[in-house]
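The values are calculated or read from the model by the stated rules, or taken from the named source; none is laboratory data. Computed from a predicted model, the values in this text were never measured in an experiment. Don't worry about glycine lacking a Cβ; one is built from the backbone with ideal geometry, like all the others, and counts go over all protein chains shown. With ligands, DNA and RNA removed, areas are computed over all heavy atoms of the protein, side chains included. Shrake-Rupley method; radii C 1.70, N 1.55, O 1.52, S 1.80 Å.
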Amino acid sequence: MPVSPGSCACKIWSDRLLLCWSLPLVGQDYLEILSSWYCSFGKCCETGDCRIANNITGLELDLSRRLHGQHLAKDVILKAVQGFLETPQPEKALALSFHGWSGTGKNFVARMIADHLYRDGLKSECVKVFISLFHFPHPKYVDLYKVQLKKQISETVQLCKQSLFIFDEAEKLHSGLLDAIKPYVDHYDSIDEVDYRRSIFLFLSNIGGNIINQVTLDFWRAGRAREEITMEYLEQHLHLELLESTDGGFAHSHLLEENLIDFFVPFLPLENRHVKLCVRDAFLARSLPYTEEVLDEVVRMMVFIPEEKLFSAQGCKSVSHRINYFLP
C-alpha cells in the first residue's frame, strides 16, 4: 500500500517488509518529529534512505556563493551530479576527475558534494575518502591494498546504494589500484550480484594544472576574460596533457584508456580578486569583523606568480590561518 506524506511513520524491518503505523492527526510538527526520530536510527523515512539528502538546490547555492573563480567547475559539476541523480537507472557510476593547482577548490567542492548529498556529509557511512600517500603509502603492498580497497567499496555499496568515493591525490595512486577501481565505474549491471551504478567516484589530482594555468594566462595576455574559456576548449587540452603525463599511474590507467571518466573538470588558477573573496568568507565563517583594508592586507601576504603576479601560488589554501595574524 502506498505511503502518503504525513499519514504514517515508516521503518524498514527487513529487505522486503515495510511496516507502517497510522497516526492520529495531531499536527504536522509532531509527525515530522516522529519521522525524524525513526530516521535517526539510520535507514528509513517517507522519501527513502534518510542518510541521503540529495539537496541539489543547496549545492547550487553553495557553488554559486562560495566557490570563486571557477565558472567551468560550477557548471559542469552541478549539471553532472544533478543529471546523474535524476536518471532512474544510470548506465554506470558517475566518475568525475578534478584537475588543477593546489588551493583552487578541488577538495572544497568534494566536501560540498558530500555535505549536500548526505545528511552527515563526509562523516556519513555512505562516504569514503582515500588519500593516496596516507592509505596506500607503500608500493610493495599494492596487492594487499587492492584487496582492501575492493572490500571497502563493495561493503560500502551494499550498505548504501548511493555511495560516494573520493580519491585525493589520485595522480599518486598506483596503477594497480586504479585498475582495481575500474570495474566499479564500468558499464556492468552488477559485480558479484552488487549493483554499483548508483555510486559516485571523485578523483582529485594536480595533474593538468600547468596546462590549465597556461590556457588561463594566454587568455589574460590576449585581453580576453577567463569566463570566455569554454569547457570544450580546455577539456581537449587537459585530456591531451593527461595522456602525455609521466606523473604517476593515473594518466595511463584503464580508467582513462577506456574513457570511463565522465568529465575532466578543470579548476582555474585564482587571481587576486578571487583570493580576496576567500579571505572575506574566512572572516564570515568565524563571525569576525573585517574591513576592505584588512582583506587587502591578507591578500598581499600571499605569493603571486608568474612575472605578471597574476595567480596565487597557493590558491586560497592557508587563508583561514593567515587571518589570525590580524586578530586582536
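Residue count for the stretch 182-196 satisfying the condition of being surrounded by 21 or more Cβ atoms within 10 Å (Cβ to Cβ) and either modelled with pLDDT under 95 or in a loop (DSSP other than H, G, I, E, B) (or both): 1. Between R273, R322, the distinction of being modelled with pLDDT under 95, of a type in the set (K, R) and under 22 Å from S102 (Cβ atoms) belongs to R322 only.
Note on the stretch 198-214: residues that are farther than 11 Å from G100 by Cα, surrounded by fewer than 21 Cβ atoms within 10 Å (Cβ to Cβ) and either touching a helix residue (DSSP H, G or I) at 6+ places or on another chain (Cβ under 6 Å) or in contact (Cβ under 8 Å) with a residue 60 or more places away in the chain (or both) amount to 1. Taking the listed residues D120, D49, D62, the one that is out of contact with any Gly (no Cβ under 8 Å at 6 or more places or on another chain), more than 25 Å from V319 (Cβ to Cβ) and at pLDDT 95 or above is D120, with no other qualifying.
Specify the residue that is farthest from P269 (Cα to Cα); the eligible residues are those in the stretch 104-154 that are of a type in the set (S, T, Y) and buried (at least 17 other Cβ atoms within 10 Å of the Cβ). Out of the qualifying residues, it is Y145. Pairing each residue of the stretch 231-245 that is on the phi < 0 side of the Ramachandran plot with any residue that is of a type in the set (F, W, Y) and not in a helix (DSSP H, G or I), provided the two are 6+ apart or on different chains, yields C-beta distances under 8 Å for E235/F263; E235/F264; L238/F264; H239/F264; L242/F264.
Only one of the numbered conditions (1) touching a helix residue (DSSP H, G or I) at 6+ places or on another chain (Cβ under 8 Å); (2) open to solvent by 40 Å² or more (accessible area, probe 1.4 Å) is violated by F250, and that is (2).
The requirement of being outside any strand (DSSP E or B), within 30 Å of H239 (Cβ to Cβ), of a type in the set (V, I, T) and in contact with a helix residue (DSSP H, G or I) (Cβ under 9 Å, 6 or more places away or on another chain) is fulfilled somewhere in the stretch 255-265, by at least one residue.
Find the residue count for the stretch 46-90, including only residues that are hydrophobic (A, V, I, L, M, F, W, C), more than 25 Å from K276 (Cβ to Cβ) and surrounded by fewer than 16 Cβ atoms within 10 Å (Cβ to Cβ). Matching residues across the stretch 46-90 total 1.
Within the stretch 56-83, being over 14 Å from the mean Cα position of the chain (by Cα) and farther than 17 Å from F108 by Cβ holds for T57, G83. Only a single item in (1) closer than 20 Å to R197 by Cα; (2) open to solvent by 10 Å² or more (accessible area, probe 1.4 Å); (3) touching a strand residue (DSSP E or B) at 6+ places or on another chain (Cβ under 7 Å); (4) among the aliphatic types (A, V, I, L, M) is not met by A93, and it is number (2). Just the residues that are under 23 Å from the mean Cα position of the chain (by Cα), open to solvent by 50 Å² or more (accessible area, probe 1.4 Å) and among the acidic types (D, E), please, taken from the stretch 253-294. E257, E258, D262 - these are the residues of the stretch 253-294 that are under 23 Å from the mean Cα position of the chain (by Cα), open to solvent by 50 Å² or more (accessible area, probe 1.4 Å) and among the acidic types (D, E).
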